[in-house]
There are 2 protein chains.
Amino acid sequence: MKHAATNEAFPDAGHDHGECISAALAAAEDTCHREGLRLTPIRRRVLELVWQNHRPVGAYDLLDQLSRDGKRAMPPTVYRALEFLQSAGLVHRIATLNAFVGCSHPRHVHQCQFLICSDCRTVVELESEQIGRSLKREAAALGFQVRAQNVELTGLCPECHSTH
Amino acid sequence: MKHAATNEAFPDAGHDHGECISAALAAAEDTCHREGLRLTPIRRRVLELVWQNHRPVGAYDLLDQLSRDGKRAMPPTVYRALEFLQSAGLVHRIATLNAFVGCSHPRHVHQCQFLICSDCRTVVELESEQIGRSLKREAAALGFQVRAQNVELTGLCPECHSTH
DNA sequence: CGAGCCATTGGTATAATATAACACCTCATC
DNA sequence: GATGAGGTGTTATATTATACCAATGGCTCG
């Protein structure tokens, strides 16, 4: 899941995205095997479609694309696959967009923060332990016990920022 | 907007919620007057309904309650009021719940983090400058320019935490 | 083997959330 | 008294998500 020559977090236009996809699928096989989960054809296909780029995809977009595969699919099919993939940590839901992206760090549990470019819609997963801990700490100071974090930052990615 | 004798952030069951509501409405009058915005009867009423408690309310719940006022309301009415209130900083949208809460600190612009109790559904607005800055800083390190932050932490509030 | 069980999928229907588009009204201003 | 902007009423529809039931397929355990 290398992006161009630099080690920028943001995928540049020229990166080999096929590599992103195959890495994601390999990691998924891996994870599911390790955890005794079943990466069935539908689930695998949905994951592949989610990874078609680094932008969040809506469930109904996925549905259309699945249908184009030949067998017309119904909403529950997609939502079930997405639910599985989410619970397996392979896909994240972007709540502010009602859409889904592939998880960039599927091989380990993590708390992450999303950087969402409002221009090109690219999403990058920031993985700051420090922020995760700060949030927990500040919440704990009020007696609140955090179970799940959803952090979504909207703004401009380097590319879109520089061209405006 | 005092909550009981202690200075806990979490409203306890016994707090005088009428005071929360009237404080919120007063602050709204204030803000709108200062900024040249019109707090029309509908908008005021929606704000009042949003403040009926410290839990997020869905747009269609608000709609029902508005309708109970006598004049049956249609979705755009509520959504328009909510949009106005959000842009005036008087109401926040909780994306993970598709629901709305009154803003606890309407008198100044701020970045906030939501603590959402998954048990009693109470939402508290944490207002940590430090976290806001950390997020910006870490994003900036990747060349990302943050424009909006949406931070939602789900877990157990002190009350629900202690009774389980 | 075969009975029972559970996870997965297929499918219908519907729920829940949100917006587009257009008509009308009111008020401020020119 | 025309004009224009902001607000509201209303109809229709788009978008996102789930409830529910039937059928299938693989699995274990006796």
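Taking R0 as 35 Å, what FRET efficiency do you get between A:R80 and B:R80 from their Cβ-Cβ distance, rounded to the nearest 0.05? Can you show the working numbers first?
Values: r = 35 Å, r/R0 = 1.01.
So, using R0 = 35 Å, E works out to roughly 0.50.
Sorted from nearest, the other copies put their B:R133 label points 1.8 nm away, the label point being 7 Å from Cα in the direction of Cβ. The antiparallel fraction among DSSP beta bridges confined to segment A:72-163 stands at about 60%.
Wrap a convex hull around the Cα atoms of chain A, take a quarter of its surface area, and give that in square nanometres. Write down the numbers at each step before the final one.
On the way: hull surface 44.7 nm².
If you wrap the Cα atoms of chain A in a convex hull and average its projections, you get 11.2 nm².
Here the scattering of the protein assembly as shown is modelled by Debye summation over its C-alpha atoms, one equal scatterer each and no solvent; at q = 0.09 Å⁻¹ the log10 of I(q)/I(0) is -0.56. Once the Cβ-Cβ distance between A:S118 and A:T40 is put in as r, and R0 is 30 Å, what FRET efficiency do you end up with, to the nearest 0.05? After rounding, the FRET efficiency stands at 0.30. For A:A59, neighbours were defined as the other residues whose beta-carbon sits under 13 Å from its Cβ, and their charges (Lys and Arg +1, Asp and Glu -1) total -1. A compact globular protein would have a Cα radius of gyration near 2.2 N^0.38 Å; the ratio found for segment B:58-146 is 1.34.
Across chain B, C-alpha contacts under 8 Å between residues 6 or more apart give a mean separation that, scaled by the residue count, equals a relative contact order of 19 percent.
In the protein assembly as shown, what % of DSSP beta bridges are antiparallel (nearest 5)? Could you put the intermediate results ahead of the total?
On the way: 29 of 39 bridges.
Once the DSSP bridges in the protein assembly as shown are tallied, antiparallel ones form about 75 percent.
With label points set 7 Å from Cα along Cα→Cβ, the inter-copy distances at A:D64 are 3.4 nm, sorted shortest first. If you plug the beta carbon distance of A:E8 and B:D69 into 1/(1 + (r/R0)^6) with R0 = 45 Å, you get a FRET efficiency near 0.25.
Between B:V109 and A:T163, the modelled label-to-label distance comes to 2.8 nm, taking each label 7 Å out from Cα in the direction of the beta carbon.
Among A:C20, A:C120, A:C103, the largest mean-square fluctuation in a Gaussian network model of chain A (Cα springs under 10 Å) belongs to A:C120. Charged neighbours of B:A95, selected by a Cβ distance under 11 Å, balance to 0 (K, R count +1; D, E count -1).
Coordinate-derived values only; no laboratory data. Everything quoted here is computed from the prediction, not taken from an experiment. Please note: Cβ atoms are built from the backbone with ideal geometry, for glycine as well, and neighbour counts cover all protein chains shown.
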